[in-house]
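Here you go, one structure.
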Amino acid sequence: MEILTLGEKVKAKRKEMNMTLKDLAEDRVTPGQISLVESGKSKPSIDLLEYIAEKLNTDIEYFLETEEKQATRICEFYANIAEAAIKAENTLRANESIEKGLHYAEKYKLTYFRGKFDLAFASLKYLNRELEEAQQYCISANSIFLKTESIEDIIKSFILIGVITLEMGYTSTSLNYFMQADNILNEYSIMNEILKAKIFYYIAICQSKMGNMSQAIDYSMLVKDRLKVLDNKREYAETLMILSIAYSQDNKVKEALKYAREARKIFDEINDVHEIASIETNLGVIFARGHDLDESFNHLNKALSLKHQINDNTIPDTLLIMCDNYIHLGEYNKALEIVSSTMDELDYEQHLYRIKCFEYLFKIYSKMDDVKKAEGTLLNAIKYLETLDFDKQLGDFYVLTGQFYIEIGEKELALKFINKGLDRYKDLGIILND
């Protein structure tokens with residue numbers, strides 16, 4: 001996509017309609033006058049421009065649009081593409097769109113869009129787990145939005161800063177960001193239930209991490225009242241985004257922008273389903289910590305339903321949390337059923353989930369005092385891990401197996417496995433050699 005001068009627009013439209021200079025000029029003006037307009041050597045009168053627009057079947061506003069206005073539309077286009085690509089986890093397309101859009105934002109001093117692209121960079125860095133850079137970009141975007149008084153963007157940037165800061169381990173600082181987002185949302189009376197639900201959800205998480213379970217439950221209940229279920233439209237949105245890019249390559253900005261906006265809107269909805277499913281899962285955790293297992297199961301089942309709608313790859317996380325609940329209730333057979341079915345559904349490359357399942361199986365068999373099956377689970381896990389490149393997890397299972405043999409009085413086997421684990425840790429630099 002590019003910025004066109006008035007003359008370049010006239011020439012492009014004329015070529016698009018397969019018209020010669022003479023065809024366009026007719027008896028109104030000479031072909032030479034049209035050529036001067038196209039080359040930028042002559043500025044047409046409004047009357048002449050109206051004539052040209054009519055001949056080229058185009059609104060005169062298109063020719064009168066300034067370069068800054070074009071740049072704004074192009075920036076909006078690239079911002080929409082970047083947001084949709086990030087939600088689709090297409091990092092290459094997102095990065096390319098951000099860099100292209102940022103070029104126009106900086107060249108034409110479009111401050112607001114500099115903020116939009118900084119926020120997109122923050123989201124992209126967060127997606128790649130580059131948390132410090134993500135935080136810096138997000139703070140920069142937030143500063144710009146505060147100056148331009150872009151209220152919803154201020155709120156969204158506060159939420160993202162909070163999420164990043166929470167993941168970095170600074171819970172109280174993170175809570176402050178979420179509270180600021182909520183204060184602004186209330187101050188400006190913005191009716192956005194999804195934003196409100198996100199803010200309350202993260203406040204609940206912070207309160208839970210800080211040990212304030214009563215407040216965590218209160219905020220979780222507020223989230224519960226605001227959740228909405230959305231449909232899965234990923235394939236359609238992907239098609240719209242591809243169509244948008246095709247139009248942009250053909251320099252048809254209006255069409256490209258139209259489809260980019262539609263794609264972003266749908267990906268927003270898809271992302272909401274993913275996030276709501278994640279929220280429901282974590283609500284299940286919070287209610288379990290508050291010993292309200294009925295409410296915990298209620299939210300975990302909702303999370304599973306939503307995740308199945310979008311074929312979410314984190315379904316095992318929710319199932320294993322349900323397994324925790326059954327273990328807590330002493331319903332070990334139900335816990336076993338969940339773990340076994342989860343393992344059966346895993347793809348080959350989902351190694352970390354399979355390792356988790358081995359851990360849960362061992363925990364359940366230990367609770368059931370089934371020594372033989374507990375031992376078999378540990379040995380099967382080690383056999384599985386020895387074929388993979390997960391040295392830390394293999395070391396953990398060696399040590400866990402050694403501790404198991406200590407408990408059942410098999411000292412020689414215990415020493416053998418513990419030494420294997422310690423050797424593995426030394427190789428990884430986790431413990432120092434003597």
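Nothing in this text is a laboratory measurement; each read-out follows from the coordinates by a stated rule. Here the structure is a predicted model, which is why all the values come from computation and not from measurement.
For Lys209, list the lysines whose Cα falls under 18 Å from its own Cα; do not include residues on the same chain fewer than 8 positions away.
Lys198
Let me ask you something else. Using only the C-alpha atoms of the stretch 10-159, find the volume of their convex hull and express it per residue in Å³.
Looking at the stretch 10-159, the number lands at 137 Å³ per residue.
May I ask you to list the aspartates and glutamates whose Cα is less than 16 Å away from that of Lys125, ignoring any residue fewer than eight positions away on the same chain?
Answer for Lys125, where 16 Å is the Cα cut-off: Glu83, Glu89, Glu96, Glu99, Glu133, Glu167, listed by chain and number.
Let me ask you something else. May I ask you to derive the relative contact order of the chain, considering only C-alpha pairs under 8 Å and at least 6 residues apart, and to give it as an integer percent?
About 8 percent, as a whole number.
Compute the semi-axes of the equivalent ellipsoid of the stretch 1-42, taking the square root of 5 times each eigenvalue of the Cα gyration tensor, and list them largest first in whole Å.
Calculated on Cα positions only, the semi-axes equal 18, 13, 5 Å.
The list (i) 27.9; (ii) 25.6; (iii) 20.1 gives values of mean projected area of the Cα convex hull in nm², and only one came from this structure; which label was calculated from it?
Matching entry in (i) 27.9; (ii) 25.6; (iii) 20.1: (i).
Taking the radius of gyration and the Kirkwood hydrodynamic radius from Cα positions alone, what is the Rg/Rh ratio for the stretch 71-163, to two decimal places?
0.94
While we're on this one: Please report the projected area of the stretch 105-235's Cα convex hull averaged over all directions, in nm².
In nm², the orientation-averaged hull projection of the stretch 105-235 is 9.5.
For the stretch 317-434, treating each Cα as an identical point scatterer without solvent, what Debye log10 I(q)/I(0) comes out at q = 0.10, 0.11, 0.12, 0.22 1/Å?
Log-scaled intensity ratios, in q order: -0.32, -0.39, -0.46, -1.23.
When the helix-only estimate is applied to the chain (DSSP H runs of n ≥ 4, each -39,500 (n - 2.57), divided by the residue count), what is the mean residue ellipticity at 222 nm, nearest 500 deg cm²/dmol?
Mean residue ellipticity, 222 nm, calculated: -26000 deg cm²/dmol.
Lysines within cross-link reach of Lys334: Cα-Cα under 23 Å, excluding same-chain residues under 8 positions apart?
List returned: Lys302, Lys307, Lys356, Lys363, Lys367, Lys372, Lys373.
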